[in-house]
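All remarks here apply to the structure that follows.
Each reported figure results from applying straightforward, stated rules to the coordinates on display, with no laboratory input. Keep in mind that what you see is a predicted model, and the values were worked out from it rather than measured. Positions of Cβ are generated from backbone atoms using ideal geometry, with glycine treated the same way; all protein chains shown enter the neighbour counts.
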Amino acid sequence: MPAYLLPSLDDAVSEGRPIELLALVVAAWMRYLRGVDLQGRRIRIHDAHRTRLQSLACAGGADPSPLLACDVFDGLGENPVAHSAVSQALNAIDEVGLRSAIRSRLVGEVAAVPA
């Protein structure tokens, strides 16, 4: 996450490119870090920093602020554009599920491509 995805999100924000899909992946990772799937079943988290990250993910729930403020995000969480996009994506996952959240963002991405 910190080596590839987060720098890509940071670059996209800085360059004014679409970030909805990148934010969705970050939000899905945050949701995974809670250790409970969308049906409420416990899942095993495979992350070297599981203990610290899981406590932040659970503390925030639908609010990504605690995780975005941690050092993993290297200041990216302070960016209001990134924060808003990740927050919207995390809420979408919680409200409509991952597949629907992906679908709605893919439709938006396709619609944004000029003909």
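A few points about this structure:
- Calculated P(r) of the chain - Cα pairs past 22 Å, %: 30 percent
- Separation of the T51 and V72 label points, Cα + 7 Å toward Cβ, nm: 1.6 nm
- Across region 91-106, computed HN-Hα scalar couplings (Karplus, 6.51 cos²θ - 1.76 cosθ + 1.60, θ = phi - 60°) run 5, 5, 4, 5, 7, 10, x, 5, 4, 5, 5, 5, 4, 5, 6, 5 Hz from first to last residue, x flagging Gly and Pro.
- Interchain or long-range residues, amide H under 5 Å from V36's placed H: I43
- Residue-averaged 222 nm ellipticity for the chain, from DSSP H runs of 4+ at -39500 (n - 2.57), nearest 500: -19500 deg cm²/dmol
- Which of L67, L24, L76 has the fewest Cβ neighbours within 10 Å, and the rest in rising order: L76, L24, L67
- Relative contact order (%) - criterion: Cα under 8 Å, at least six apart; region: the chain: 29 percent
- Charge dipole (debye, nearest 20) of region 5-112; +1 at Cβ of Lys and Arg, -1 at Cβ of Asp and Glu: 640 debye
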